[in-house]
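The values are calculated or read from the model by the stated rules, or taken from the named source; none is laboratory data. Predicted model only: the values in this text are computed from it and were never measured. Cβ atoms come from the backbone with ideal geometry, glycine included; neighbour counts cover every protein chain shown.
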Amino acid sequence: MSSPLDLRGVTIWPGFLSRAEQEAMLADLLTVMAIAPPIRPVTRWGRPMSVAMTSCGRLGWVSDRRGYRYEPHHPETGRPWPAIPDSLQAVWHALAPAAREPESALVNLYREGARMGLHQDRDEADLTQPVVSISLGDAALFRVGGTARGGPTASIWLHSGDVCVIGGAARLAFHGIDRIRAGSSDLLPGGGRINVTLRVVT
């Protein structure tokens, strides 16, 4: 594991997870996705997202024409979300030891061509708590701006096993994924990238 990097206030831990740890975490996430299948949500304007999503934890993030929010049940199966696996909890406890226990882990599945526009994570009630973001699979070009839309941004390639902590003054920074480097990792069956963001919601 390398020393942490700072990207406009976001702390990035390159290579935080070993290959064996990544494989174990992926197995946990495949179990989560078997219980709570990823879906491609639509924005409040009805536009389908290019990223498929699911969640684990007490609450899961959902998006549809009613807006962005957290719900206790999967929007299609109606079942409660599965519990957050210990492998994810361990990363939270290692990098956000002073934070409250995470209540949700949003799991984003990027296949080739998927991206995520600049956005803020602001649907949580307690914005003093950080977001811990884990990258698995193909490399992704991560872009971070300021807390207002527009203005300068900075970018870095995130690789499988990297972890970011978005907190403090950067908690409401606009951030997104511009593109995926398809085929840069053989971790995920069928290729692509999984990004997990652990959050305190209430």
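Annotations
- Within region 49-106, if we keep just the residues that are acidic (Asp, Glu) and surrounded by fewer than 18 Cβ atoms within 10 Å (Cβ to Cβ), the residue that is farthest from residue 126 (Cα to Cα) turns out to be 76.
- Boolean, residue 6 is at negative phi and loosely packed, with under 12 Cβ neighbours inside 10 Å: yes
- Count of residues meeting criterion [in contact with a Lys or Arg (Cβ under 6 Å, 6 or more places away or on another chain), over 14 Å from residue 173 (Cβ atoms) and part of a strand (DSSP E or B)] in region 107-132: 1
- For residue 29, the stated conditions do not hold, so it cannot be described as in contact with a strand residue (DSSP E or B) (Cβ under 8 Å, 6 or more places away or on another chain), outside any loop (DSSP other than H, G, I, E, B), in contact (Cβ under 8 Å) with a residue 12 or more places away in the chain and over 18 Å from residue 189 (Cβ atoms).
- Note on region 146-171: among residues that are part of a loop (DSSP other than H, G, I, E, B) and at pLDDT 95 or above, the one that is farthest from residue 91 (Cα to Cα) is 153.
- Candidates 47, 100, 69, filtered to the one that is at pLDDT 95 or above and among the basic types (Lys, Arg): 100
- Hits in region 172-195 - residues which are within 15 Å of the chain's Cα centre (by Cα), in a strand (DSSP E or B) and more than 17 Å from residue 144 (Cα to Cα): 193, 194
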